[in-house]
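The values are calculated or read from the model by the stated rules, or taken from the named source; none is laboratory data. Keep in mind that what you see is a predicted model, and the values were worked out from it rather than measured. Neighbour counts are summed over all protein chains in view; Cβ atoms, including those assigned to glycine, are modelled from backbone coordinates with ideal geometry.
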Ligand SMILES: [Ca+2]
């Protein structure tokens, strides 16, 4: 097929587009652009939708970084993310993370994209039945440019042990150095070989 726009000058005024091969526009996109996020699109929300899990997982994306089951199976280790109403730090419901620790490894989380420009910290409440020296799990927290589906265990802040307290405890994470729209992910990372369930609630911006 002959192209008929042979009037000489390219229409582009973008000085970055110096490729003479007239390649597809997609190939000139910067590598770090997220195809799910339109540059010209609507502004990102400045608050979480359903931050306290009173409406199930509405607004939240579930993410996982899981090893394969030990042994011959190629199945991923068993896990679950669901909302429950037996315990809450705010309202009536909370989100429960479950991990089968048979592989001694695994991370599950929920995530949303929000504008963190005017946010200093993100906090979440985490429940643990009984304080223990035997640390089974860590709070997993991420705020940054990666999408939820790109995240892996090492992307998360895992400094806070869940079993080091009893009852509800609030964990706060400084996000003052994150500007603009960002993925905020909160979840649980397992470090010990056992099945664990913990409930989290009330993810909030300060
Ligand atoms: Ca709640």
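How many of the residues in region 161-206 are in a loop (DSSP other than H, G, I, E, B), more than 17 Å from residue 64 (Cβ to Cβ) and touching a residue at least 24 places away in the same chain (Cβ under 8 Å)?
Residues flagged as in a loop (DSSP other than H, G, I, E, B), more than 17 Å from residue 64 (Cβ to Cβ) and touching a residue at least 24 places away in the same chain (Cβ under 8 Å) within region 161-206 amount to 11.
Within 16 Å of the ligand (Cβ to nearest atom), at pLDDT 95 or above, under 13 Å from residue 111 (Cα atoms) and out of contact with any helix residue (DSSP H, G or I) (no Cβ under 7 Å at 6 or more places or on another chain) - does that describe any residue in region 179-186? Can you show your working first?
First, the residues of region 179-186 that are within 16 Å of the ligand (Cβ to nearest atom): 186.
Add one more test, that the residue is at pLDDT 95 or above, and what stays is 186.
Keeping just the survivors that are under 13 Å from residue 111 (Cα atoms) gives 186.
Keeping just the survivors that are out of contact with any helix residue (DSSP H, G or I) (no Cβ under 7 Å at 6 or more places or on another chain) gives 186.
There is at least one residue in region 179-186 that is within 16 Å of the ligand (Cβ to nearest atom), at pLDDT 95 or above, under 13 Å from residue 111 (Cα atoms) and out of contact with any helix residue (DSSP H, G or I) (no Cβ under 7 Å at 6 or more places or on another chain).
So is residue 63 farther than 18 Å from residue 194 by Cβ and touching a helix residue (DSSP H, G or I) at 6+ places or on another chain (Cβ under 9 Å) or not?
In short, yes.
Counting only residues that are assigned to a loop (DSSP other than H, G, I, E, B) and at pLDDT 95 or above, which one in region 98-117 is nearest to the ligand (Cβ to nearest atom)?
Residue satisfying both the conditions and the ranking: 116.
Taking residue 95 as meeting all but one of (1) touching a helix residue (DSSP H, G or I) at 6+ places or on another chain (Cβ under 9 Å); (2) within 16 Å of the ligand (Cβ to nearest atom), write down the number of the exception.
If we test residue 95 against (1) touching a helix residue (DSSP H, G or I) at 6+ places or on another chain (Cβ under 9 Å); (2) within 16 Å of the ligand (Cβ to nearest atom), just (1) comes out false.
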